[in-house]
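Inspection log for the structure reproduced underneath, given as structure tokens.
Values in this text are rule-based calculations from the coordinates and carry no lab data. Source: prediction; values computed, not measured. All Cβ positions, even for glycine, are placed from backbone atoms using ideal geometry, and neighbour counts span all protein chains on display.
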Amino acid sequence: MDTRASYVCSNNVPIPALGFGTWQLSPGNETIRAVSIALEAGYRHIDTAACYENEREVGEAVRTSGIPRAEIFITSKVWNSHRGYENARRAFEASMARLGLDYLDLYLIHWPATARTGSGWQALNSETWRALESVYAEKRVRAIGVSNFLTHHLEPLLANASIKPMVNQLEYHPGLLQKDTKALCRASGIVFEAWAPLGKGKALTHPDIRAIAERLGKTSAQVIIRWCIQNEALPLPKSAHTERIHENYAVFDFELSQADIDAISGLPPFCDSGLHPDRVTF
Ligand SMILES: NC(=O)c1ccc[n+]([C@@H]2O[C@H](COP(=O)([O-])OP(=O)(O)OC[C@H]3O[C@@H](n4cnc5c(N)ncnc54)[C@H](OP(=O)(O)O)[C@@H]3O)[C@@H](O)[C@H]2O)c1
């Protein structure tokens, strides 16, 4: 049984195996409150991004938590409007100023430039990546990575990178297994993180998942989070509600059987966000 085990990046930096998502937590009290509750509940991994517009509040909740900074793993991301070397460097500085922290644990390219962006999309991703490599070399961030990079985005980046991404964060939940990209990440020593692990809440009402949860005396959310962990996809569930924040963290006292894992993994698509990296327009 794994407890609150960590994943380990290719540079040996550990990442707590369950993170707290903060997308759509409003800037201001909602974010401060939710992140504070998450830290009290035991989460030591917080996922934010420049475009969530709540980095300031995430930083404040971390600073006022009383928990040593070194015990909390914080991720942020460079937004699409700041691609390219100089832009991404500036975006990093702006994020750090908002967070009010001395260093960041993980900095990600939020979305790849794609064929839709224009013919130079691969070079643009490499330029953005070069900026992340530079802040990593300067020890401003302990690990760097990407998000929403499918195999055909990741391969050209790997071909040109001096430092390999340590993490790839993708949409992942029952019905969306990202098999090819997950296999490439595994083969390349890249930690695979799952965004929208609960399918934005829509996965929770699936009757097969409910049936497993009822049989085990757990909730659907706990079963899905456990399924992610046992599938080596680091889950980042978000909630604004105290009881759900606690519920989503209470997943280290049980294990799913292989039969239950297989049943969930076999579900057809039913709750995708529709945010496919090649089709998003932001
Ligand atoms: N890299 C990317 O491009 C990207 C994209 C999307 C998300 N993310 C990251 O991944 C995190 C998670 O994704 P997400 O927020 O989109 O979706 P999610 O975590 O799958 O689902 C969040 C939704 O589920 C509800 N919920 C959470 N726990 C619940 C429970 N125990 N029972 C019932 N409902 C529950 C929440 O409602 P309440 O809040 O009302 O409780 C919210 O509506 C984000 O917050 C963000 O940090 C990254």
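Points to keep in mind about this one:
- Where N is the number of residues in region 171-282, Cα Rg divided by 2.2 N^0.38 Å: 1.05
- Residues whose placed amide H lies under 5 Å from that of V141, excluding near-sequence neighbours: L104
- Amide H to amide H distances under 5 Å link Q169 with V146, S147, N148, F149, E193, where only residues 5 or more positions off or on other chains count and H is placed in the peptide plane.
- Length-normalised contact order of region 13-197 in % [C-alpha pairs under 8 Å, at least 6 apart]: 15 percent
- Relative to the longest principal axis of the Cα atoms of the chain, the long axis of helix 207-216 makes an angle of roughly 70 degrees.
- Sorting the Cα pairs of region 13-197 by distance into bins of 5 Å, from 0 upward, gives 1, 8, 18, 21, 21, 16, 10, 4, 1, 0 percent per bin.
- Length added when fully stretched, E40-S119, from 0.36 nm per residue minus Cα-Cα: 23.7 nm
- Under Karplus coefficients 6.51, -1.76 and 1.60, residue-wise ³J(HN,Hα) of region 251-268 in Hz, glycine/proline x: 10, 9, 10, 8, 9, 7, 6, 4, 5, 5, 4, 5, 4, 5, 5, x, 5, x
- Over the chain: helical MRE at 222 nm, DSSP H runs n ≥ 4 each giving -39500 (n - 2.57), nearest 500: -12000 deg cm²/dmol
- The loop-placed GluC sites (Glu not before Pro) in region 192-282, going by DSSP, that have at most 16 neighbouring Cβ atoms within 10 Å of their Cβ come out as E232, E255.
- Relative contact order of region 42-82, taken over Cα pairs closer than 8 Å and 6 or more residues apart, is 58 percent.
- Taking the number of Cβ atoms within 10 Å of each Cβ as an exposure proxy, the fewest-first ranking of Y43, Y103, Y136 is Y103, Y136, Y43.
- Table column - 3J(HN,Hα) (Hz), region 110-120, Karplus curve with 6.51, -1.76, 1.60, x for Gly and Pro: 5, 9, x, 5, 9, 3, 5, 6, x, 5, x
- Reachable lysines from K139, criterion Cα separation under 26 angstrom, eight or more residues apart if same chain: K77, K164
- Of T117, T22, T219, the residue with the greatest mean-square motion in the GNM of the chain, using alpha carbon springs below 10 Å, is T117.
- For region 72-143: Kirkwood Rh in Å [reciprocal of mean 1/r, alpha carbons]: 12.3 Å
- 0 to 90° range, to nearest 10: angle between helix 151-160 axis and the chain longest Cα axis: 40 degrees
- Percent of beta bridges antiparallel (DSSP, the chain, rounded to nearest 5): 15 percent
- Ordering of 141-149, 234-242 by burial proxy (mean other Cβ atoms within 10 Å per residue, highest first): 141-149, 234-242
- Rounded tilt (10° steps) of 85-99 against the dominant C-alpha axis of the chain: 50 degrees
- Cα centroid separation, region 68-134 to region 252-279 (Å): 28 Å
- Each residue of region 46-58 is assigned a 3J(HN,Hα), and the resulting list reads 10, 10, 10, 6, 4, 6, 6, 6, 9, 4, 4, 6, 4 Hz, derived from the Karplus form 6.51 cos²θ - 1.76 cosθ + 1.60 (θ = phi - 60°), x at Gly and Pro.
- Modelled FRET efficiency - R0 22 Å, N11 with K179, Cβ distances, 0.05 increments: 0.25
- Measuring nothing but how far apart in sequence close Cα pairs (under 8 Å, 6+ apart) lie, relative to its length, region 157-213 scores a relative contact order of 37 percent.
- Taken along its principal axes, the alpha carbon cloud of region 212-260 reaches lengths of 32, 23, 15 Å, longest axis first.
- Choice from I261, I15, I74 with maximal GNM fluctuation in the chain (Cα, 10 Å cutoff): I261
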